[in-house]
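Trainee: Attaching a single structure in structure tokens format; questions to follow.
Bear in mind that the values in this text are calculations on the coordinates, not laboratory data. Fair warning: this is a prediction, and the values are worked out from it, not measured in the lab. Cβ coordinates were reconstructed from backbone atoms using ideal geometry, including for glycine residues, and neighbour counts include every protein chain displayed.
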Amino acid sequence: MVTMQDLNTAIGAHAMWKLRLANAIANGTSEFVPERVEPDNLCDFGKWLYGLSVSERNSDQWKKVQALHAAFHKEASQILRLALRNQKAEAQKRMDYGGSFAKASTDLTLAMMDWKKTLGS
């Protein structure tokens with residue numbers, strides 16, 4: 001079952017990635033590895049998302065959020081790869097406003113917020 005709390009938790013958890021990636025860019029290290037960041041079903045939200053009922057997974061909201069969540073993870077893993085290779089400028093460019101991570105993060109957050117609106121009706 002989809003709840004407001006589930007989506008609020010997911011929004012917060014994914015916002016933390018901005019800080020994690022910024023730290024990886026600055027330090028060239030991370031406790032995370034790109035191969036474990038890229039799959040969208042290994043984080044807590046991904047496990048929850050894929051664990052929803054078939055009827056919930058058939059909803060337009062689920063399909064949109066799942067696609068954007070997968071894109072978010074792909075982009076986060078790419079930035080992490082760049083950071084760990086000390087390609088700071090390219091990694092930061094993706095993080096900056098208008099960059100691919102910024103867009104993926106914003107799109108995912110907006111989709112989750114839209115999904116929350118459907119729960120109130």
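Trainee: Tell me which helices (runs of 4 or more DSSP H) are completely within the range 32-115 and hold 2 or more residues being under 18 Å from M16 (Cβ atoms), in contact (Cβ under 8 Å) with a residue 60 or more places away in the chain and in contact with a helix residue (DSSP H, G or I) (Cβ under 7 Å, 6 or more places away or on another chain), or say none if there are none. Even if it seems obvious, please write down each step before you answer.
Mentor: Values: elements: 34-37, 44-50, 54-57, 60-84, 88-95.
In the range 32-115, the matching helices (runs of 4 or more DSSP H) lie at 88-95.
Trainee: Sort out which residues of the range 10-61 are hydrophobic (A, V, I, L, M, F, W, C) and farther than 18 Å from H73 by Cα, and write them in order of number.
Mentor: First, pick out the residues of the range 10-61 that are hydrophobic (A, V, I, L, M, F, W, C): 10-11, 13, 15-17, 19, 21-22, 24-26, 32-33, 37, 42-43, 45, 48-49, 52, 54.
Across the range 10-61, the qualifying residues are A26, L52, V54.
Trainee: Further, regarding this structure: Which one is surrounded by the most Cβ atoms within 10 Å (Cβ to Cβ), of the residues in the range 37-78 that are of a type outside the set (S, T, N, Q) and touching a Pro at 6+ places or on another chain (Cβ under 9 Å)? Lay out the reasoning, then the answer.
Mentor: Filtering the range 37-78 for residues of a type outside the set (S, T, N, Q) gives 37-40, 42-52, 54, 56-57, 60, 62-65, 67-76.
Subset that is touching a Pro at 6+ places or on another chain (Cβ under 9 Å): 46, 70, 73, 76.
On the way: G46: 17, A70: 18, H73: 24, A76: 26.
For the range 37-78, the residue satisfying everything is A76.
Trainee: Can you pull out every residue in the range 1-23 that is over 16 Å from the mean Cα position of the chain (by Cα) and in a helix (DSSP H, G or I)?
Mentor: If we filter the range 1-23 for residues that are over 16 Å from the mean Cα position of the chain (by Cα), which is where we start, we get 1-5, 23.
M4, Q5, N23, listed by residue number.
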